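A.B. asks: First, the structure itself, so that you have it in front of you.
The values are calculated or read from the model by the stated rules, or taken from the named source; none is laboratory data. These numbers were taken from a predicted model, which means no experiment stands behind them. So basically every Cβ, Gly included, is an ideal-geometry build from the backbone, and we count neighbours across all protein chains shown. Accessible surface areas use protein heavy atoms only, side chains included; no ligands, DNA or RNA. Shrake-Rupley method; radii C 1.70, N 1.55, O 1.52, S 1.80 Å.
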Amino acid sequence: MVDQILESLSKFLPETTLVVAFCLALIADLVFRKNRGIVTALSLLGVVVSLLFAFQQAGMSLSVFSGMMAVDPFSVFFKIVIGVSAVFIILFSLYSHDVQTTERRKGEYFSLLLALTLGMYLMAGAANLLMMVLALELTSLTSYILAGYTKEAGDSSEASLKYIIYGALSSGLMLYGISIIYGLTGATNIYGINEALSTGEVNEITLLIASVLIIAGFGYKISAVPFHFWTPDVYEGAPVTITAFLSVASKAAGFAMMIRFFKVSFLDSNVVDLPSGMWSSLQGFEWNSILAVLSVLTMTLGNLVAVWQNNLKRLLAYSSIAHAGYMLMGVVVLSDKGLAAVLIYFVVYLFMNLGAFYIVMLVANKTGSEDIDSYKGLGYRSPLLGVAMVIFFISLTGLPPTAGFIGKLYLFVALLDAKWIWLAVVGALNSVISLYYYVRVLRNMFLRDPEKDSGSIRFSVPQVAILLLLLVPTLLFGLYFAPIVDWANASVIMFGVR
Amino acid sequence: MIELESYLLLSAITFVIGVIGVLTRRNAIIVFMSIELMLNSVNLTLVAFSAFLGDPTGQMLVFFVMTVAAAEAAVGLAIIIALFRNKQTLNIDEINILKW
């Protein structure tokens with residue numbers, strides 16, 4: 001028993017590092033009251049070291065802590081995506097007005113950020129319903145607190161309250177679904193559930209109800225319609241750094257957990273005559289058709305409502321809902337190709353979405369506003385920022401030669417391969433709608449004069465360096481994408497699934 | 001001996017009452033109480049199934065659900081206090097800076 005735990009711990013280093021860094025950050029915050037920069041450095045170091053350990057896990061495929069967690073290429077991929085975005089968020093925080101003006105609470109901010117990252121790492125690897133609930137709750141509870149971090153501002157605490165009410169409701173629904181699944185199968189481990197479902201007779205309607213309840217929990221985390229109501233409010237009210245983190249990492253973790261749960265639990269491993277790279281769900285339970293409907297609703301509603309928005313953070317919130325819809329398309333097709341497309345999309349989405357939010361933050365620091373009207377003439381006040389915004393928005397729309405195009409291309413190819421043509425058409429139409437609202441912002445930046453005669457905006461060298469770190473991959477991966485595609489294709493392997 | 005169905009029915013009813021409470025009540029504190037009700041009906045289902053299946057996993061899950069519920073209540077009340085200091089109200093309808 002002890003041997004087994006020690007053995008598991010040695011496969012658990014990325015998470016352990018974050019736990020240690022979290023404790024150290026809390027202590028450092030108490031000890032070094034004069035110099036809070038130490039906490040920042042410590043948390044950055046913690047995330048980087050955990051990333052290094054995650055890279056070391058490449059190629060492993062095993063389960064640890066008696067089946068609670070899986071360490072496989074799939075979870076390692078998501079850990080790297082989450083870790084890289086955590087590094088960027090810590091760098092953003094160095095220049096965030098919201099964070100830097102609350103000197104006294106900065107230590108809490110960074111230690112909570114570490115706890116949030118830990119929760120997402122656990123979500124990426126969780127292979128047991130109990131572990132899934134705990135990881136989801138760790139992620140949710142810390143994000144509730146961080147969303148309300150600037151508690152003196154009315155909109156921040158309001159965002160936090162809305163977040164916790166929707167979050168608690170969805171996790172309640174999910175827990176009820178889990179209790180039903182436990183009753184039906186007598187197992188909480190997803191491999192055990194799969195075994196029970198494929199051998200025993202299970203009431204299909206009850207199983208369907210339970211799955212819909214569980215989808216409520218996942219859907220809330222990836223902000224899929226109709227569980228998206230919190231998204232615009234929280235994105236608008238929370239500090240920009242947290243918004244950016246939630247839009248990328250939290251969505252990635254939610255997708256990781258959802259894909260693992262559905263793929264492993266409902267996989268039918270007795271079907272033999274399938275083309276390679278495809279898998280099939282258990283007879284009489286087509287969970288992917290539920291997700292197809294969700295996907296269409298999510299992207300259509302996200303894109304249509306985004307058209308009316310005047311606050312850029314809110315616009316990006318609806319745009320991120322739409323992107324969740326695009327990514328769901330890749331899950332619907334039940335093939336390794338579709339799954340790889342989702343993973344490629346996440347790498348691309350990481351850079352372009354963080355970039356867009358970074359620019360929103362820089363502009364808000366200078367002008368104090370996130371309204372689209374305050375972007376009038378920005379392209380002339382700061383050409384670098386203007387050009388960067390154009391590239392990020394073109395990439396979010398999915399036009400070549402940017403990385404966003406590659407992400408969409410692989411998604412659509414996977415859909416067409418699996419004969420989901422109507423879904424691909426809906427997705428393509430939605431991309432066209434999204435062009436309209438992205439271009440509206442760009443038009444304000446370049447074709448409208450500033451309202452007041454305001455001077456040019458300058459940025460310091462490190463600020464520009466962070467921008468380039470996001471900008472260069474967005475362009476580069478649009479032209480040279482073979483490494484990401486190979487990495488994604490190698491990362492669809494999950495432990496215990498053939 | 002009470003049948004399994006009775007427990008499940010009871011927990012389903014309490015769960016629905018909880019959901020309706022979350023959706024219709026306007027006072028933030030009562031909304032949180034309704035969420036607790038939902039989580040407790042989950043506990044009841046788990047314990048009932050656990051006894052029925054003769055498998056302790058469900059009862060173990062209940063402890064975790066209780067802990068999670070406590071943590072959620074703690075964070076939720078802290079957020080309510082932060083909001084009350086800004087707005088002097090607990091009515092959800094009046095908490096409306098952010099919309100559409």
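A.B. asks: Do we have any residue at all in segment B:72-94 that's within 22 Å of B:I13 (Cβ to Cβ), more than 7 Å from chain A (Cβ to nearest Cβ) and in a helix (DSSP H, G or I)?
C.D. replies: no
A.B. asks: Out of B:G21, B:G58, report the one residue that is under 22 Å from A:G172 (Cα atoms), within 7 Å of chain A (Cβ to nearest Cβ) and without any contact (Cβ under 8 Å) to a residue 40 or more places away in the chain. Steps first, please.
C.D. replies: Values: B:G21 fails: within 7 Å of chain A (Cβ to nearest Cβ).
Every option except B:G58 fails the conditions.
A.B. asks: For segment A:144-160, which residues satisfy the criterion of being open to solvent by 10 Å² or more (accessible area, probe 1.4 Å), in contact (Cβ under 8 Å) with a residue 12 or more places away in the chain and at the interface with another protein chain (Cβ under 7 Å from one of its Cβ atoms)?
C.D. replies: Within segment A:144-160, A:I145, A:G148, A:D155 qualify.
A.B. asks: Only one of (1) open to solvent by 10 Å² or more (accessible area, probe 1.4 Å); (2) farther than 19 Å from A:Y95 by Cβ; (3) under 18 Å from the mean Cα position of the chain (by Cα) is not met by A:F351, so which one is it?
C.D. replies: Failed condition: (2).
A.B. asks: Further question: Output the number of the condition that A:S170 fails; it satisfies all remaining conditions of (1) away from chain B (no Cβ under 14 Å); (2) open to solvent by less than 30 Å² (accessible area, probe 1.4 Å).
C.D. replies: Exception for A:S170: condition (1).
A.B. asks: Tell me which residues, restricted to segment B:1-11, are more than 9 Å from chain A (Cβ to nearest Cβ) and either in a helix (DSSP H, G or I) or within 14 Å of the chain's Cα centre (by Cα) (or both).
C.D. replies: Once the filter is applied, which keeps residues that are more than 9 Å from chain A (Cβ to nearest Cβ) and either in a helix (DSSP H, G or I) or within 14 Å of the chain's Cα centre (by Cα) (or both), segment B:1-11 yields B:E5, B:S6, B:Y7, B:L9, B:L10.
A.B. asks: What about A:E204, is it of a type in the set (D, E, K, R) and more than 11 Å from chain B (Cβ to nearest Cβ)? Step through it out loud before you land on a result.
C.D. replies: Numbers: of a type in the set (D, E, K, R): yes; more than 11 Å from chain B (Cβ to nearest Cβ): yes.
Taking the combined requirement at face value, the residue satisfies it.
A.B. asks: Right, another one. If you scan segment A:216-236, which residues turn out to be buried (at least 24 other Cβ atoms within 10 Å of the Cβ) and among the β-branched types (V, I, T)?
C.D. replies: Once the filter is applied, which keeps residues that are buried (at least 24 other Cβ atoms within 10 Å of the Cβ) and among the β-branched types (V, I, T), segment A:216-236 yields A:I222, A:T231, A:V234.
A.B. asks: Among (1) among the small types (G, A, S); (2) more than 12 Å from every other protein chain (Cβ to nearest Cβ); (3) open to solvent by 10 Å² or more (accessible area, probe 1.4 Å), which single condition is A:G107 missing?
C.D. replies: In the conditions (1) among the small types (G, A, S); (2) more than 12 Å from every other protein chain (Cβ to nearest Cβ); (3) open to solvent by 10 Å² or more (accessible area, probe 1.4 Å), A:G107 misses (3) alone.
A.B. asks: A further question follows. Filter segment A:90-125 down to the residues that are in contact (Cβ under 8 Å) with a residue 24 or more places away in the chain and among the β-branched types (V, I, T) and list them by number.
C.D. replies: A:I90, A:V99, A:T102, A:T117
A.B. asks: Is it the case that segment B:21-38 has a residue that's over 13 Å from A:Y176 (Cβ atoms), of a type in the set (S, T, Y) and touching a helix residue (DSSP H, G or I) at 6+ places or on another chain (Cβ under 7 Å)?
C.D. replies: The answer is yes, given that some residue of segment B:21-38 is over 13 Å from A:Y176 (Cβ atoms), of a type in the set (S, T, Y) and touching a helix residue (DSSP H, G or I) at 6+ places or on another chain (Cβ under 7 Å).
A.B. asks: Oh, and also: Among the residues of segment A:179-193, which ones are assigned to a helix (DSSP H, G or I) and more than 8 Å from chain B (Cβ to nearest Cβ)?
C.D. replies: A:I181, A:L184, A:T185, A:I190, A:Y191, A:G192, A:I193
A.B. asks: It is to be established whether one or more residues within segment A:299-310 are away from chain B (no Cβ under 14 Å), open to solvent by 10 Å² or more (accessible area, probe 1.4 Å) and among the hydrophobic types (A, V, I, L, M, F, W, C).
C.D. replies: The answer is no; no qualifying residue exists.
A.B. asks: What are the residues in segment A:395-416 that are surrounded by fewer than 16 Cβ atoms within 10 Å (Cβ to Cβ) and not hydrophobic (A, V, I, L, M, F, W, C), if any?
C.D. replies: A:P400, A:P401
A.B. asks: Here's a check for you: in segment B:38-52, which residue that is open to solvent by less than 60 Å² (accessible area, probe 1.4 Å) and polar (S, T, N, Q) is nearest to the other protein chains (Cβ to nearest Cβ)?
C.D. replies: Residue satisfying both the conditions and the ranking: B:T45.
A.B. asks: Looking at A:S66, A:S61, can you tell me which residue is among the hydroxyl-bearing types (S, T, Y), in contact with an Asp or Glu (Cβ under 7 Å, 6 or more places away or on another chain) and open to solvent by 20 Å² or more (accessible area, probe 1.4 Å)?
C.D. replies: A:S61
A.B. asks: Here are B:I35, B:I79, B:I92, B:I30: which of them is surrounded by 14 or more Cβ atoms within 10 Å (Cβ to Cβ) and farther than 25 Å from A:L136 by Cα?
C.D. replies: Step by step, each of B:I35, B:I79, B:I92, B:I30 is checked, and only B:I92 is surrounded by 14 or more Cβ atoms within 10 Å (Cβ to Cβ) and farther than 25 Å from A:L136 by Cα.
A.B. asks: In addition: Quickly run through segment A:483-493 and pick out the residues that are open to solvent by 50 Å² or more (accessible area, probe 1.4 Å) and not acidic (D, E).
C.D. replies: Listed by number, the residues that qualify are A:P483, A:W487, A:N489, A:A490, A:I493.
A.B. asks: Scan A:A465, A:A424, A:A414 and give me the residue that is in contact with a Ser or Thr (Cβ under 9 Å, 6 or more places away or on another chain) and part of a helix (DSSP H, G or I). Don't jump to the end; show me each part of the working.
C.D. replies: Numbers: A:A465 fails: in contact with a Ser or Thr (Cβ under 9 Å, 6 or more places away or on another chain); A:A424 fails: in contact with a Ser or Thr (Cβ under 9 Å, 6 or more places away or on another chain).
On inspection, the qualifying residue turns out to be A:A414.
A.B. asks: Could you say which residue among A:A306, A:A322, A:A317 is under 19 Å from A:G427 (Cα atoms), touching a Pro at 6+ places or on another chain (Cβ under 6 Å) and of a type outside the set (D, E)?
C.D. replies: Result of the check over A:A306, A:A322, A:A317: A:A317.
A.B. asks: Let me ask something else. Going through segment A:343-373 one residue at a time, which ones are assigned to a helix (DSSP H, G or I) and among the acidic types (D, E)?
C.D. replies: Correct list: A:D373 only.
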